[in-house]
1. Restricting attention to region 230-239, does a residue exist that is surrounded by fewer than 21 Cβ atoms within 10 Å (Cβ to Cβ), over 22 Å from the mean Cα position of the chain (by Cα) and at pLDDT 90 or above?
2. Can you work out which of the residues in region 6-45 that are at pLDDT below 90 and not small (G, A, S) is surrounded by the fewest Cβ atoms within 10 Å (Cβ to Cβ)?
3. From Y206, Y242, which residue is crowded, with 19+ Cβ neighbours inside 10 Å and hydroxyl-bearing (S, T, Y)?
4. Just checking, how many residues over region 281-310 are in a helix (DSSP H, G or I), without any contact (Cβ under 8 Å) to a residue 12 or more places away in the chain and more than 30 Å from F259 (Cβ to Cβ)?
5. Just name the residue that is farthest from F171 (Cα to Cα) out of those in region 3-53 that are touching a residue at least 60 places away in the same chain (Cβ under 8 Å), among the hydrophobic types (A, V, I, L, M, F, W, C) and not in a helix (DSSP H, G or I).
6. Looking at region 54-99, which of the residues that are small (G, A, S) and not in a helix (DSSP H, G or I) is surrounded by the fewest Cβ atoms within 10 Å (Cβ to Cβ)?
7. Can you tell me which residue is farthest from G69 (Cα to Cα) among those in region 325-335 that are buried (at least 19 other Cβ atoms within 10 Å of the Cβ) and not small (G, A, S)?
8. Kindly indicate whether any position in region 247-264 is under 30 Å from A336 (Cα atoms), surrounded by fewer than 20 Cβ atoms within 10 Å (Cβ to Cβ) and acidic (D, E).
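The values are calculated or read from the model by the stated rules, or taken from the named source; none is laboratory data. Since we're looking at a predicted model, the values are computed, not measured. Positions of Cβ are backbone-derived with ideal geometry, glycine not excepted, and every protein chain shown enters the neighbour counts.
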Amino acid sequence: MTEQLFTGVSGLIFLAIFVWGFRVLPQERWQMLAAIPLRKDEQGNWRGLNLTVYGFLLASATTIGVLFGLILLASTSSYLPGVLAVFVLIFAVSLPASKVLARVVEKKLHTFTVGGAFFSGLLFAPLAILVVNIALRAIRAPQLDVLGVLAALSISYVLGEGLGRLACISFGCCYGRPLKQCHWLIQKLFHNFSCVFFGATKKVVYDGGLEGEKLIPIQALTCILYTTTALFSMHLFLRGHYGSALLVSLFVSQLWRFFSETLRADFRGLGRISVYQKMSLIALPYGAIITFFIPAAVLPPPSITQGLSILIQPVPMISLQLLWLTIFWIFGRSTATSSSVSFHVVTTEST
C-alpha cells in the first residue's frame, strides 16, 4: 500500500504542475527568469545575461528524475556511494554529448539534444557500472546489481525528460507542426488542446515563424506519456520486476521518440529519418539484449520506506543540489538571446 501511495501522490503532484505549465509557459512572460547586467553599451544601458525559465525547469526536472532513481535504488539497499559514482560518470559523458551531437546533426551552436544525451548515456551505462563495481570490489564494498541500476537509470531518464518538456514549452523549442497543415482528424483531435506561443524570443517564433499558430502540443503529449510511463515502471520496480521496468520505460520512450518526430516542425537534421530516430531504433535491441543476457541478482524486496530515507541523508541531498546548480549553469544561461537593462532612482514624482 505504501508503494501505491508513493506513486499516486507523485502522479497527482506532477498532474498539478502540468495543468499550470501547459497553460502559462507558452506565454512570453515565462521565458526569462532574470537578467544579470554585465557591461554598458554606447547608449548607457547595461548588456544583460539572460537566465531562463528553461534552465530552471530543466535543472529541476533532471534533479527530480535523479532523486527518484536514488529513491528506487535505496529501496533495494544498493550501496549509495557506488550509485552516486555511476550517476556522476554517466552525466560526465552525456552532458557534453548532448551539445556535441546536436551541433554535428543540426549544425547549430545554441542547441542540445536530450535524445543524443540519453543514447550516449545508455551505451555508456553498463561500462560505468562495471568500472564502479571493479572499484567497489577493490575496497571490499558491496557491488551494484547491473539490471537493477539500469532499470532505475531508465526510469530516472524517462521521468526527467517527461518533466523537462515543460522547459521546451517555456523556450518554444521541440515544437509541433501547425494544425492547419495536418490531417483533418488531427485538427479535430487537438483543436481544444493545441499549443500557441507568443514572444519574439521564443524559438518557435524566431526560428519557425509560428507565433500565434495552433500547433500540435507535442511537448505536452511527451510530458504526459513519459511521466505516466515512469510511474508505471516505478510500480514494476518496487514489485521487484527490474527487467520489465527497464523494458517498459525504454521501449515506450524510444518508440514515442521515433514517432513523435513525424509530428514536429523544428529542424531535426537532414534525411527523411533523422539521426535521433535512428538512435531510438538502435537503443531498443541494445536494451533488450542487456535485459535478457545480464543475470538478475537476488536483491532484497524493495521498500519505499527505506528508499525515502535518503531524503534525510546529507550526501545525496547535497549531491542533488550540486547537480541542479551544474545543470542550471550549463543550460540556464541563454546564448541565443540578450537583453538591455537600465536602472533609475525612484523619486517622489515617479511614484
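1. Yes, there is a match, as at least one residue in region 230-239 is surrounded by fewer than 21 Cβ atoms within 10 Å (Cβ to Cβ), over 22 Å from the mean Cα position of the chain (by Cα) and at pLDDT 90 or above.
2. We begin by selecting, within region 6-45, every residue at pLDDT below 90; these are 38-45.
Cutting the leftovers down to not small (G, A, S) gives us 38-43, 45.
Details: L38: 12, R39: 7, K40: 12, D41: 9, E42: 5, Q43: 7, N45: 14.
By that ranking, first place goes to E42.
3. Numbers: Y206 fails: crowded, with 19+ Cβ neighbours inside 10 Å.
None of the other options fit; the residue is Y242.
4. Of the residues in region 281-310, 0 are in a helix (DSSP H, G or I), without any contact (Cβ under 8 Å) to a residue 12 or more places away in the chain and more than 30 Å from F259 (Cβ to Cβ).
5. For region 3-53, the residue satisfying everything is W46.
6. Looking at residues that are small (G, A, S) and not in a helix (DSSP H, G or I), I get S77.
7. So the first thing to find is which residues in region 325-335 are buried (at least 19 other Cβ atoms within 10 Å of the Cβ), and the list is 327-328, 331-332, 334.
Of the ones still in play, those that are also not small (G, A, S) are 327-328, 331.
Working: I327: 17, F328: 20, F331: 22 Å.
Out of the qualifying residues, it is F331.
8. yes
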